[in-house]
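Trainee: A single structure is presented below for examination.
The values are calculated or read from the model by the stated rules, or taken from the named source; none is laboratory data. These figures come from a predicted structure and were not determined experimentally. Cβ atoms come from the backbone with ideal geometry, glycine included; neighbour counts cover every protein chain shown. Areas reflect the complete protein model, heavy atoms only, side chains present, ligands, DNA and RNA absent. Shrake-Rupley method; radii C 1.70, N 1.55, O 1.52, S 1.80 Å.
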Protein chains: 2
Amino acid sequence: MTAAPRTSWVDSANDPTSDFPLQNLPYGVFRRDGTTRIGVAIGDQILELHACAHRGLLAGLPGEIAAACSAVRMNPLMSLGPASWSALRRELTSLLDADQPNAQAYETLLIPMRDVEMQLPAAIGDYTDFYASIHHATRVGKLLRPDNPLLPNYKYVPIGYHGRASSIVVSGAEITRPSGQTKPTAADPIFGPTRALDYELEVGLFIGPGNSLGHPIPIASAEEHIFGLCLLNDWSARDLQSWESQPLGPFLAKSFATTISPWIVPLEALAPYRVAAPMRPEGDPAPLPYLTATSQAIDLTLEVYLQSRSMRDAGAPAMRLSTSNLRDLYWTPAQLITHHTSNGCNLRPGDLLATGTISGPAEGSEGCLLEKKLNPEPIRLPSGEQRVFLEDGDQVALRAFARRPGLPQIGFGECTGFVVG
Amino acid sequence: MTAAPRTSWVDSANDPTSDFPLQNLPYGVFRRDGTTRIGVAIGDQILELHACAHRGLLAGLPGEIAAACSAVRMNPLMSLGPASWSALRRELTSLLDADQPNAQAYETLLIPMRDVEMQLPAAIGDYTDFYASIHHATRVGKLLRPDNPLLPNYKYVPIGYHGRASSIVVSGAEITRPSGQTKPTAADPIFGPTRALDYELEVGLFIGPGNSLGHPIPIASAEEHIFGLCLLNDWSARDLQSWESQPLGPFLAKSFATTISPWIVPLEALAPYRVAAPMRPEGDPAPLPYLTATSQAIDLTLEVYLQSRSMRDAGAPAMRLSTSNLRDLYWTPAQLITHHTSNGCNLRPGDLLATGTISGPAEGSEGCLLEKKLNPEPIRLPSGEQRVFLEDGDQVALRAFARRPGLPQIGFGECTGFVVG
């Protein structure tokens, strides 16, 4: 007989539809009344960590943890590493547990989520975007090379590129349709608003302690450098991308905006949802020794929703465009970290790594609109509209949840962007 | 009759071989006795700006300038913009001028360069590397596509990619030969130290005020966002690069290290060396309207020197491998800035833009070893050694100077790296 999962004295956390039960406790940075603080999501409330430290509730922990909890960005907390993160998590779990005897005294530490403005969780020194879904890479490749979609390096190299850190925004920020150069077939290039605005469904990994320059992180310890996970929308202008990307890769097609969800789910909260990394298909090469993983994948369901302006005006709910799963990546998070540092490149606390578009093998699991172009039918919205790419007024929301029988769901909150012309 | 150029009471600044006469006054960040400060190079000395402010010597300037001069990185100073930079430069020029009546009292503000350790000048939020030399792009293209070296987008798009900010180091730092995946012809990929380590001769532009997300910088005001220039060596592992770069561009082939020179030469110091941007050859398309430049190029001579271990052991001087000029770029600095922000991407104070390898049209002006592979003869060093790519123990030094009759030379100091295995 399995014990019932622990509950919290914060009632809303025990609602089975909540993203933020006691078992989640994601970290975020919020602003209220002109003050910026780190908090932990619990139900529809935020536990304010500076106030916890101020009241001496973290006094049982090493002083550097309480200090990191009082910062205005999470970089110091991220730098402390897994032992400190676990210690803090144990303390916060006990504080919020339904059995907590002082619960009533702690109610003043809570702030309703609706009263705050979420901020970027960290000063992001560098942002790297990978290309770890073989299903995404294969579908995109098919559009260019129907007979030979996957490039020869794909099964050996966790392909990635440097992204733009300055234009990372938090869920809710408006996304202005970017302008840029495009090249119509058989005509001269022109400059103007993109006509092929797309989303990309991704997961972001916030880096913990990291490594110093010249010292690669071995695969066995790579996960010690994952502070937590978020959702990430790598907005893309496909017409800019196809014209600018040779020979040095995507640049302005991506750098106008990247949206992340504000709540960073600790890797530890996802421990019950770890699964074996998918077996490589018969005939695929084994990873090179430096990438030979003992690490596991994460069973995390991902969804993309779209709501057009006319759907919103009609009170129609957003339409789910696709669903996929983080576990289906060709490369694990540990392999991404080890590959990234294999040349000696240093990762710093607060750096952000993203997986690249997460797609599955089946129809309906495409993580971006570009992949859906393989289907001759355009997307039909309940409003009667069609979509090939995003239109002004469209709202795109990414969602994620981990589920297992007998456990409350771990959600990621929303990662939403609204396209304006 | 032209007036003789001003001189300084700091004698070494008047030596015609000095990089740092009164007309230069580049800014740098240095460390001495555990303290980090901003300084200005003058001859073989450094004028310490915090001490100047502390002594009230900047009291005639707005308070924000003195405050920025007392910071430990130059980001605040960079954010102030051209009017503030000019005001500070006038003040410092007067302070160091040979006619300065209080010169004797100011001697204690000087620190010998040999006594300090130079640091990165700014917290670099994002680093972008361009590909602005058509001569470089053409030679590299010839190695891959002898009959059609230049890609169709080159003359329309200032091609660039996001680089890695964390691994930017200052001149003098050792460069550890990186390991990575390479693909020998007709064999499986292997992991090991690169066998094709290269330098790239580039110029870096440090960004001033920058722009907010969604607000492009028009070409007419682009130069207001250039704080100053430095030398930059974009170390590259060519064998990693050719295996990893499709479809998303270079990644680990570059991210192991980028070296910059520590002294940032103000754009204003280069005003006497501005020249018309080179005419586009007959038949080349005009730039699209958003890139139509009223801006000018900069006449700056660039050199690469190599000294192998055995040359050093024998006391032989470094050998000059190539010489080229910043004025020969296909795109001006203003065009790079405007293109970068044309999609709304925000540049922040302290961001770094690099030109890409600067090569000229003639033999001997190749800005990297890769280009020299077009010549069937390997490079012969005075020691009798040959070079195709860099060997352990090699020291690579970049140099730059602006010269005009009747003016002292403006130099950039050294941008040096030493390759270790």
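Trainee: If you average the alpha carbon positions of the stretch A:150-185 and of the stretch B:1-22, how far apart do those two centres end up, in angstrom?
Mentor: Using only Cα atoms, the two centres lie 49 Å from each other.
Trainee: Counting other Cβ atoms within 10 Å, which trypsin sites (Lys or Arg not before Pro) in the stretch A:320-421 have at most 14 and lie in a DSSP loop?
Mentor: Passing sites in the stretch A:320-421 are A:ARG403.
Trainee: Next up: Between A:ASN102 and A:GLU174, what FRET efficiency follows from the Cβ-Cβ distance if R0 is 41 Å, with the result rounded to 0.05?
Mentor: 0.45
Trainee: Please identify which residues in the stretch A:66-82 have an amide N closer than 20 Å to a label point set 7 Å out from the Cα of B:VAL72, following the Cα→Cβ vector.
Mentor: Flagged as within label range: A:67-80.
Trainee: Could you put B:HIS340, B:HIS225 in order of accessible surface area, largest first, with the 1.4 Å probe and the full protein assembly present?
Mentor: Reading off the accessible areas and sorting them downward yields B:HIS225, B:HIS340.
Trainee: Label points 7 Å out from Cα along the Cβ direction at B:ARG6 and A:ARG114: separation in nm?
Mentor: Here the answer is 6.4 nm between the modelled labels.
Trainee: What residue among B:LEU374, B:LEU197, B:LEU231 has the largest mean-square fluctuation in a Gaussian network model of chain B, using Cα springs under 10 Å?
Mentor: B:LEU374
Trainee: Let me ask another. How well do other chains shield peptide A:338-350, expressed as the mean number of their Cβ atoms within 10 Å of each residue Cβ?
Mentor: Partner Cβ neighbours, averaged per residue: 5.
Trainee: What FRET efficiency, computed as 1/(1 + (r/R0)^6) with R0 = 35 Å and r the Cβ-Cβ distance, is obtained for A:LEU143 and B:ASP188, rounded to the nearest 0.05?
Mentor: Result of the calculation: an efficiency of 0.80.
Trainee: Relative contact order (percent) for chain A, with alpha-carbon contacts under 8 angstrom and 6 or more residues of separation?
Mentor: Relative contact order for chain A comes out at 21 percent.
Trainee: Right, next: Go through the stretch B:36-91 and name the trypsin sites (Lys or Arg not before Pro) that are in a DSSP coil and have 16 or fewer other Cβ atoms within 10 Å of their Cβ.
Mentor: B:ARG55
Trainee: Follow-up question, since we're still on this one. Using only DSSP helix segments of four residues or longer, with each worth -39500 (n - 2.57), what per-residue ellipticity at 222 nm results for the protein assembly as shown after dividing by its residue count and rounding to 500?
Mentor: When only DSSP H runs of four or more count, the value is -4500 deg cm²/dmol.
Trainee: Find how many whole Å separate the alpha carbon centroid of the stretch B:393-421 from the alpha carbon centroid of the stretch B:260-277.
Mentor: Measuring centre to centre over Cα atoms gives 14 Å.
Trainee: Please give, to one decimal in nm, the separation of the simple spin-label points placed at A:LEU151 and A:PHE401, each 7 Å out from Cα toward the Cβ.
Mentor: Between A:LEU151 and A:PHE401, the simple spin-label model gives 3.8 nm.
Trainee: In the Gaussian network model of chain B, springs joining C-alpha atoms below 10 Å, which of B:GLY344, B:GLY356, B:GLY208 carries the largest mean-square fluctuation?
Mentor: Largest GNM mean-square fluctuation: B:GLY344.
Trainee: Oh, and also: Would you please classify the overall shape of the stretch A:218-288 from the alpha carbon gyration tensor, given that a ≥ b ≥ c denote the square roots of the eigenvalues, rounded means a/c under 1.5, and beyond that prolate means a/b larger than b/c while oblate covers the rest?
Mentor: Oblate.
Trainee: Could you run the Karplus curve 6.51 cos²θ - 1.76 cosθ + 1.60 with θ = phi - 60° over the stretch A:405-421 and give me ³J(HN,Hα) per residue in whole Hz, x for Gly and Pro?
Mentor: Ordered by residue, 3J(HN,Hα) equals x, x, 10, x, 6, 9, x, 10, x, 9, 10, 10, x, 10, 7, 10, x Hz.
Trainee: Over the heavy atoms of A:MET113, what accessible area does a 1.4 Å probe trace out, to the nearest 10 Å²?
Mentor: Rounded to the nearest 10, the figure is 50 Å².
Trainee: While we're looking at this one, here's another question. Roughly how much of B:ASP44 is accessible, in Å² to the nearest 10, using a 1.4 Å probe?
Mentor: Estimated to the nearest 10 Å², B:ASP44 gives 80 Å².
Trainee: Let me ask you something else. Starting from the Kirkwood radius over alpha-carbon pairs of chain B, derive D by Stokes-Einstein at 25 °C in a medium of 0.890 mPa s and give it in µm² s⁻¹.
Mentor: 110
Trainee: Reachable aspartates and glutamates from B:LYS183, Cα under 12 Å, same-chain residues fewer than 8 places away excluded?
Mentor: Straight-line reach from B:LYS183, under 12 Å: B:ASP239, B:GLU244.
Trainee: Moving on to the next point. Among residues other than B:LEU25 whose Cβ falls under 10 Å from its Cβ, what is the net charge (Lys/Arg +1, Asp/Glu -1)?
Mentor: Charge balance near B:LEU25 sits at 0.
Trainee: Taking the Cα atoms only, what angle lies between the long axis of helix A:82-96 and the longest principal axis of chain A, rounded to 10 degrees?
Mentor: 60
Trainee: Given a Förster distance of 25 Å, report the FRET efficiency between A:ARG90 and A:THR301 from their Cβ-Cβ distance, rounded to the nearest 0.05.
Mentor: After rounding to 0.05, the efficiency reads 0.35.
Trainee: In addition: In nm, to one decimal, how far is the B:LEU288 label point from the B:GLN246 one, both placed 7 Å along Cα→Cβ?
Mentor: 2.6
Trainee: If you don't mind, another one. Starting from the residue with the highest accessible area, list A:ARG6, B:ARG114, A:ARG145 in decreasing order, probe 1.4 Å.
Mentor: Output order, biggest surface exposure first: B:ARG114, A:ARG6, A:ARG145.
Trainee: Keeping every protein chain in place, order A:HIS54, B:HIS136 by accessible area at 1.4 Å, biggest value first, i.e. largest first.
Mentor: A:HIS54, B:HIS136
Trainee: Next up: In whole Å, what is the distance between the alpha-carbon centres of the stretch A:358-388 and the stretch A:63-86?
Mentor: 42
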